[in-house]
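To start, the structure itself, in structure tokens.
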Amino acid sequence: MDKLAFGFWGCYFGLTVLMLAVSAVTFARSLHRISLNAALSASASAFFALAFLGGLPISNEDTLARFLAHVALVVSAFLAYLLFMIVGAMRRRKAQLRIAGALLALAFGSAAIGWFLTPWQSLALGVGVACSLAAFALAVALHNALRGDRLGWTAVAGVFSLLVAMAGMSWIALDRANVPWQVHAVSAIAGTAYVAAMASALWTRYSYLIELRQVMVYGPGYDPVTRMRSHTETGQMIGDAFKHYRSEPASMGVIVVSISNLYVLEKLHGTAAVNHALFVCAGRLRRTVPLRFEIGRLATDGFVVLQRNCQDSGQLVRLAHRVCARLSKSVALNTSLDAARRENEQTRWKAEIGVGVLLVSDPAAKASNVLATCRGMSRVATTYASRVAWFDQASGEAVEMPALESA
């Protein structure tokens with residue numbers, strides 16, 4: 001294989017590995033359906049490419065040809081099933097079973113017929129069925145796109161890329177010694193485009209599950225702006241945490257984040273810009289805070305982070321500095337209700353962050369007093385260079401907490 005061809009295929013497999021890594025992260029965040037579909041899609045297409053490029057340890061050409069025929073049939077049937085799921089063709093259980101049965105029958109029926117043919121004829125049959133299935137999937141995606149499905153054109157681009165990649169890799173498998181490097185390049189680019197398109201389509205189709213899960217957990221207490229607990233639900237969360245704290249005394253970490261310049265932002269650019277700012281800050285906070293912490297919205301300009309059974313105050317302080325650094329990054333805010341207007345009516349904005357950190361160890365501590373103290377420290381912290389204030393138990397005062405060396 002030419003060095004340029006190696007480079008193109010390296011990009012393809014690199015993107016596949018990245019998609020698998022992202023799938024692992026989403027799985028860790030309990031987004032199992034998204035991560036599983038994304039991982040299976042990337043793995044199936046990568047195995048198809050690896051097999052057809054000759055990367056399997058099968059030396060006998062006839063055995064390899066028969067195996068590739070089965071790979072083409074099984075992978076194409078699975079990817080078609082996944083596409084039909086993405087474009088919403090299997091919303092009903094009956095339709096899902098019917099399509100799954102038809103795809104299985106086609107794959108296993110073609111594989112059975114292939115055993116009555118020579119190995120290379122079997123490979124040609126498998127490739128032909130796979131490309132025909134991809135063409136049919138392209139027609140379904142095009143039909144959905146013309147009907148106005150929001151994922152239609154993304155699916156069309158993805159399946160068209162898959163069809164091109166399959167055709168190129170089939171050529172490579174059937175005439176490996178005489179294939180020009182340009183075929184490798186086109187196939188690799190098409191495969192990369194397919195993986196990117198399917199990742200985008202999967203995330204768009206199933207991202208609503210994230211919202212749905214939050215709504216189901218919090219109900220009326222769900223805040224659509226920050227996509228976390230609302231003020232009322234946050235109060236319930238804090239109350240439950242302190243009840244647990246009194247029943248099983250153990251240190252509890254409390255972090256309060258305040259944004260001091262939201263009022264000015266609202267006066268200059270209106271409520272839409274404030275909502276956008278809160279949306280961005282809340283998203284950054286959720287991505288920064290580990291899963292073992294509890295998060296909620298506090299008042300109109302802040303957030304609270306709780307850690308039950310906090311054993312390491314240094315870890316709490318380091319998290320406070322990470323939160324401050326992440327939320328303080330500038331962002332381009334829309335000042336119009338039309339979120340699609342990217343160039344016009346935008347302004348660069350940087351949140352003025354203050355973080356108050358408190359380690360609760362007194363069993364008689366009241367939630368309202370702890371929260372008021374920590375909130376006051378977060379406001380004072382906006383005047384500190386480090387923007388982080390720590391409550392010193394010995395002096396009973398708020399002191400500035402510079403970044404620790406390992407932060």
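The values are calculated or read from the model by the stated rules, or taken from the named source; none is laboratory data. Here the structure is a predicted model, which means the values were calculated and not measured. Here the Cβ is made from the backbone with ideal geometry for all residues, glycine too, and neighbour counts use every protein chain on show. Protein only, heavy atoms only, side chains kept; ligands, DNA and RNA dropped before computing areas. Shrake-Rupley method; radii C 1.70, N 1.55, O 1.52, S 1.80 Å.
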If I compute Cα extents along the principal axes in Å from the structure I just sent, which labelled value in (1) 55, 52, 41; (2) 86, 47, 44; (3) 65, 42, 38 lines up? (2)
Filtered hits (lysines, Cα-Cα < 26 Å from K329, offset >= 8 within chain) -> K267, K350
The range 59-164: trypsin sites (Lys or Arg not before Pro) in DSSP loop, at most 15 other beta carbons within 10 Å: R91, R92, R147, R150
Taking a cut-off of 30 Å between Cα atoms, list the lysines near K243, but don't count ones fewer than 8 places away on the same chain. K366
Per residue, how large is the accessible surface of the range 108-150? Use a 1.4 angstrom probe and give square angstrom. 57 Å²
Near the amide H of L298, under 5 Å away, which other amide H atoms are found, from residues 5 or more places off or on another chain, if H is placed in the peptide plane? F303, V304
Could you tell me which of A193, L268, L68 has its Cα farthest along the dipole of the chain towards the positive end, charges placed at Cβ (Lys, Arg +1; Asp, Glu -1), taken about the Cα centre? L268
Put a dot 7 Å past each Cα toward the Cβ at L268 and R292; how far apart are the dots in nm? 4.0 nm
In order over the range 126-141: 3J(HN,Hα) from phi, Karplus 6.51/-1.76/1.60, θ = phi - 60°, whole Hz, x for each Gly or Pro, gives x, 5, x, 5, 4, 5, 5, 5, 5, 5, 5, 4, 5, 5, 5, 5
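Between N178 and D240, what length in nm is gained on full extension when 0.36 nm per residue of separation is reduced by their alpha carbon distance?
Numbers: separation 62, 0.36 × 62 = 22.32 nm, distance 7.00 nm.
Additional length available on full extension: 15.3 nm.
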Could you tell me the center-to-center distance, by alpha carbons, between the range 249-300 and the range 111-137 in angstrom? 56 Å
With all protein chains present, the chain has a carbon and sulfur share of its accessible area (1.4 Å probe) in percent of 62 percent
For the range 104-181, state which chymotrypsin sites (Phe, Trp or Tyr not before Pro) are in a DSSP loop and have at most 15 other beta carbons lying within 10 Å of their beta carbon. W115, F116
Cα long-axis angle, helix 271-288 against the chain (0 to 90 degrees, to the nearest 10): 80 degrees
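With charges set only on the Cβ (+1 for Lys and Arg, -1 for Asp and Glu), what does the dipole of the chain come to about its Cα centre, in debye to the nearest 20?
Values: 37 positive and 23 negative charges, 160 e Å.
Once rounded to the nearest 20, the dipole reads 760 debye.
What number, in percent, do you get for the relative contact order of the chain if the mean sequence gap of Cα pairs under 8 Å and at least 6 apart is divided by its residue count?
Details: 590 pairs, mean separation 52.7, N = 407.
The normalised contact order for the chain reaches 13 percent.
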